[in-house]
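Below is one structure, written out as structure tokens, with a few remarks after it.
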Amino acid sequence: MTTDASDAWKLWHEHRVEAVSEPYGPLALIGTHWLDDHPDGRLPGLPGTWALADDGVTLTATGSDGLSVDGGPFDGEVRLSADPGPAETARVAYGERRLVVLVREGVWGVRDFDPAAPARRAFRGIEATPYDPRWSVPGRFTPYDARRTVRVPNADGVERGLGLGGEVTFVLDGQELTLKAAVRDDGSLWAVFGDTTSGDGSYRFRFLYPSAPDAEGRTTVDFNRALLPPCAFADHFICPFPPPGNTLGVAVAAGERNPAR
């Protein structure tokens, strides 16, 4: 069983390295531009005029700007909503770059993904601790009566709301621990956590995605699959920091630790 789990972890790690380094993965992000910071509609390094519209963004450009929308050359004006999918499916492109429209708490912006980003060329992999069964433990999820939102700092220095759906309790090295977690659309959980290795052996915080709890709240807390947040690979992401209570007083020497140098 341990051998099967170890082999599965190796495959997971290989897929993670591939996903991070793909043309429009997190390493390709070279800018996040908030429209409120650019009232003239001119975004750094990008053609066209980007203006706030009712519940969206209006892009105005000429054919000479070199933008494309929905796969074809663009000349005129188009209203854009937030892109729902991965960067490669963004409606707006600028050569090989993909310009992703996003909104956070009513603030609209544009992310610039460039396959030629220096970070992609410099990428050397992800430092990760090999699989160890002691880091995978049973957990129990207790949902809140209603979804809660807490304000937490983000990697860009702005405080934003983090939605939480309940708490996962588990035992690690004889200690009972708890993580506050969000519930994702597929029923799985997402926790932002720190530990005593954060910033000293591991990145300053990490993400964990426990499996969807069963009818009795049972799930698995597997720190072997602790993930580096996107902002570990590009400064232009706005990852949330751990909410109060999610900085564990133990050393979680497992999972992804840092980008390889």
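The values are calculated or read from the model by the stated rules, or taken from the named source; none is laboratory data. None of the values given here were measured: they were computed from a predicted structure. Heads up, the Cβs are rebuilt from the backbone with ideal geometry, glycines too, and the neighbour counts pull from every protein chain shown. Just the protein is used for accessible areas: all its heavy atoms, side chains included, with ligands, DNA and RNA removed. Shrake-Rupley method; radii C 1.70, N 1.55, O 1.52, S 1.80 Å.
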* Residue list for the range 97-120, filter: surrounded by fewer than 14 Cβ atoms within 10 Å (Cβ to Cβ) and either in contact (Cβ under 8 Å) with a residue 60 or more places away in the chain or not charged (D, E, K, R) (or both) -> Gly106, Ala116, Pro118
* Just one of (1) exposed (fewer than 15 other Cβ atoms within 10 Å of the Cβ); (2) free of Cβ contacts under 8 Å to residues at least 24 places away in the same chain; (3) of a type outside the set (A, V, I, L, M); (4) part of a strand (DSSP E or B) trips up Asp200, so point out which. => (4)
* Structure fact -> Subset of the range 214-234, residues assigned to a helix (DSSP H, G or I) and either of a type in the set (Gly, Ala, Ser) or surrounded by fewer than 19 Cβ atoms within 10 Å (Cβ to Cβ) (or both), comes to Pro230, Ala232
* To do: Quickly run through the range 121-130 and pick out the residues that are open to solvent by 60 Å² or more (accessible area, probe 1.4 Å) and assigned to a loop (DSSP other than H, G, I, E, B).
  => Arg124, Pro130
* So which residues in the range 148-167 are within 15 Å of Phe241 (Cβ to Cβ) and either of a type in the set (Asp, Glu) or not in a strand (DSSP E or B) (or both)? -> Ala155, Asp156, Gly157, Val158, Glu159
* Asked: Just one of Phe170, Phe193, Phe237 is under 14 Å from the mean Cα position of the chain (by Cα) and part of a strand (DSSP E or B); which is it?
  -> Phe193
* To do: Mind listing whichever residues of the range 165-194 are open to solvent by less than 10 Å² (accessible area, probe 1.4 Å), of a type outside the set (Val, Ile, Thr) and out of contact with any Ser or Thr (no Cβ under 6 Å at 6 or more places or on another chain)?
  => Phe170, Leu172, Leu179, Ala181, Leu189, Ala191, Phe193
* Structure fact -> All conditions in (1) assigned to a loop (DSSP other than H, G, I, E, B); (2) closer than 30 Å to Gly109 by Cα are true of Ser211 except (2)
* Report the residue count in the range 13-33 for those that are closer than 19 Å to Arg257 by Cβ and of a type in the set (A, V, I, L, M, F, W, C). => 4
* Asked: Here are some conditions: (1) open to solvent by 70 Å² or more (accessible area, probe 1.4 Å); (2) touching a residue at least 40 places away in the same chain (Cβ under 8 Å); (3) more than 20 Å from His236 (Cβ to Cβ). Glu88 meets all but one. Which one does it not meet?
  -> (3)
* Asked: List pairs: first in the range 204-233 and at positive phi, second surrounded by fewer than 21 Cβ atoms within 10 Å (Cβ to Cβ) and not in a loop (DSSP other than H, G, I, E, B), Cβ under 8 Å, 6+ apart or cross-chain?
  -> Gly217/Arg140; Gly217/Thr142; Gly217/Pro143
* Hey, Arg261 hits all of (1) touching a residue at least 24 places away in the same chain (Cβ under 8 Å); (2) open to solvent by 30 Å² or more (accessible area, probe 1.4 Å); (3) within 15 Å of Tyr144 (Cα to Cα) but one; which does it fall short on? -> (3)
